[in-house]
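Right, one structure below, let's go through it.
The values are calculated or read from the model by the stated rules, or taken from the named source; none is laboratory data. In this text the structure is predicted, and so the values were computed from the model without any measurement. Here the Cβ positions follow ideal geometry from the backbone for every residue, glycine too, while neighbour counts run over all protein chains shown. Heavy atoms of the whole protein, side chains included, go into the accessibility calculation; ligands, DNA and RNA do not. Shrake-Rupley method; radii C 1.70, N 1.55, O 1.52, S 1.80 Å.
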Amino acid sequence: MGKVYLVGAGPGNPELITVRGMELIKDCDAILYDDLCGEKLLSYASAKTKKIYVGKRSGRHYKEQSQINNILVRMAKEYNRVVRLKGGDPYVFGRGAEEIQALAEHEIAWEVVPGVSSATAVPELAGIPVTHRGVSRSFHIITGHTKEGAGLCDYTTLANLSGTLVFLMGLEAIRKISKELIAHGMDGVTPAAVISCGGLPQQRIVRGKLKEIAKLSEQNKMTSPAIIVVGNTASYNLLDKGKKTVGVIATRRLYKKMERQLEAEGIQTRWICKMEVERKEDELRRLSNHLEQLHQYGWIIFVSQNAIRLFFEEVARKQIDYRKLAGVRFGVVGEASNEELSRYGFVADFVPSKSNIVSLANEFVTDIVRKEHGGKRVMVIHAVRGNDALVNTLRKNAIPYEDFKIYDVVGKTGEEPGDDKPDLLAFLSASGVDDYAKKEQFQLQVPIACIGDATAKELEKYHKKADLIAQQMDVEGLKEVILSYFNNERNEEGYG
């Protein structure tokens, strides 16, 4: 018989979970989670951890509470350490007590790990203090969602309280809540706010008077999960206006690197266009055939980290003996790609002095091939919509080559920008520019940063110009030009 840990996930931002909660996620055998637990938190669990979704939302329950209780009991009998991950705090309208009672009935051991409650954290993250000296000496948490047919609450009492009212899960009932509070004596001009997706990148806030907050919420298409705040402190907006946000258009892997780099510098990131690597099977089959002819090649040049990864995946699929690569030398576009290559046990024989395609092309031809070329071909591994500077230079210099465009990078819908509009857009590929333009049509009028000249040139097709271009074609290079830009901006505004 195992032990169950009821862990509060906090208000949504994975950085706000407790240390104890994070330790348990990393070390558990099974985890049951719901809608309010972010994907990023689950990523900290082991790949071997059994993950079970038991989400519930008003009007569309995936699992009823009785089913969740039964699953929890069953998991405790099968696994040693079971985490039940719940948004906010397990005991603040999280039905945690009901789950504990079910465990107790079966004599299953448990531990409760408190979480940061969304009742206080979400208003704080929206710049609203739930208490403030001389304004609000108390706050009251009310559920906006009860069992079917049950009365919501005692509106006479609530309407006459002097503190701040915080309604959880009340968006569907917002019109009734505001109407009843006013009908029972609360002034219609009392400040109110609705916070949607609090603590998440797509957080949105609507403020107004109690008598109009339902209409404003509908007009602004506020969505669940949402919290309603009513009281004088709801008019406060204590947010840091100096914090910068960068909207990133990149693959998951590059976005995560960018996120770590920028957030270490106090800059927020938003993944507003999710680029995904799409394999080109016809080209991969052609590459597969040429892997049988490696003796004809003197060099293999990788123009990106994705090219390296997909190449070696094909080598593994074909069960090519690494010893057949002994007579081939490798070239990469920069140190980040060299690091990726090292994951497969190889070190690049050629890395250009500057991490960009033009330097790769010119230096490779000038310094290497002209001096050492012995008639063998050059294999170029790159993307469908990548920079063709290398193959063009090889062709111009009559150097035999075979190029394989084995993947494309295509854009998918990303995070809603929320109220926190990015201060800058960062494009990490030319294909990202193309796909973002088709989806968003550059509605955000903000400065643009690009990796490399090819990405910047792609912008010109849409009558846009890059404000910043990182000639060092990796995340580190892009981070540096963004930091320099924001620092200069602050100095010009007089922040020192």
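Consider region 271-289 and keep the residues that are open to solvent by 30 Å² or more (accessible area, probe 1.4 Å) and in a helix (DSSP H, G or I). The one that is farthest from K257 (Cα to Cα) is N289.
Taking region 214-254 as the search range and keeping residues that are part of a loop (DSSP other than H, G, I, E, B) and among the small types (G, A, S), which one is most open to solvent (accessible area, probe 1.4 Å)? Filtering first and then ranking leaves S224. Looking across Y79, Y91, one residue alone is open to solvent by 30 Å² or more (accessible area, probe 1.4 Å), among the aromatic types (F, W, Y), farther than 28 Å from A192 by Cα and under 33 Å from the mean Cα position of the chain (by Cα). It is Y79. Answer yes or no: is there a residue in region 301-313 that is in contact with a helix residue (DSSP H, G or I) (Cβ under 6 Å, 6 or more places away or on another chain) and of a type in the set (S, T, Y). Within region 301-313, not a single residue is in contact with a helix residue (DSSP H, G or I) (Cβ under 6 Å, 6 or more places away or on another chain) and of a type in the set (S, T, Y). Contact map, region 279-308: residues that are closer than 22 Å to N356 by Cα paired with residues that are among the polar types (S, T, N, Q), Cβ distance under 7 Å, separation 6+ or inter-chain. Pairs shown: F302/S337; S304/S337; Q305/S337; I308/S337. Of the residues making up region 15-34, those that are surrounded by 15 or more Cβ atoms within 10 Å (Cβ to Cβ) and modelled with pLDDT under 90 number 1. Considering (1) open to solvent by less than 20 Å² (accessible area, probe 1.4 Å); (2) among the charged types (D, E, K, R); (3) modelled with pLDDT of 95 or more, the lone condition that K86 does not fulfil carries the number (3). G127 - would you say it is touching a Phe, Trp or Tyr at 6+ places or on another chain (Cβ under 9 Å), open to solvent by less than 30 Å² (accessible area, probe 1.4 Å) and small (G, A, S)? Here the answer is yes, as G127 does meet what is asked.
One line per residue, one yes/no per condition, for (1) open to solvent by less than 60 Å² (accessible area, probe 1.4 Å); (2) in contact with a Pro (Cβ under 7 Å, 6 or more places away or on another chain); (3) modelled with pLDDT of 95 or more; (4) more than 11 Å from V230 (Cβ to Cβ):
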| position | (1), (2), (3), (4) |
| --- | --- |
| C153 | yes, no, no, yes |
| L161 | yes, no, no, no |
| T164 | yes, no, yes, no |
| F167 | yes, no, yes, no |
| G170 | yes, no, no, no |
| L181 | yes, no, yes, no |
| A192 | yes, no, yes, no |
| G199 | yes, yes, no, yes |
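Quick check: anything in region 300-310 at pLDDT below 90, open to solvent by 20 Å² or more (accessible area, probe 1.4 Å) and over 30 Å from G208 (Cα atoms)? So far as region 300-310 goes, no, none of its residues is at pLDDT below 90, open to solvent by 20 Å² or more (accessible area, probe 1.4 Å) and over 30 Å from G208 (Cα atoms). If I ask for residues that are in contact with a strand residue (DSSP E or B) (Cβ under 6 Å, 6 or more places away or on another chain), assigned to a helix (DSSP H, G or I) and either of a type in the set (K, R) or crowded, with 21+ Cβ neighbours inside 10 Å (or both), which ones from region 255-270 would you list? Those that are in contact with a strand residue (DSSP E or B) (Cβ under 6 Å, 6 or more places away or on another chain), assigned to a helix (DSSP H, G or I) and either of a type in the set (K, R) or crowded, with 21+ Cβ neighbours inside 10 Å (or both): Y255, M258, L262.
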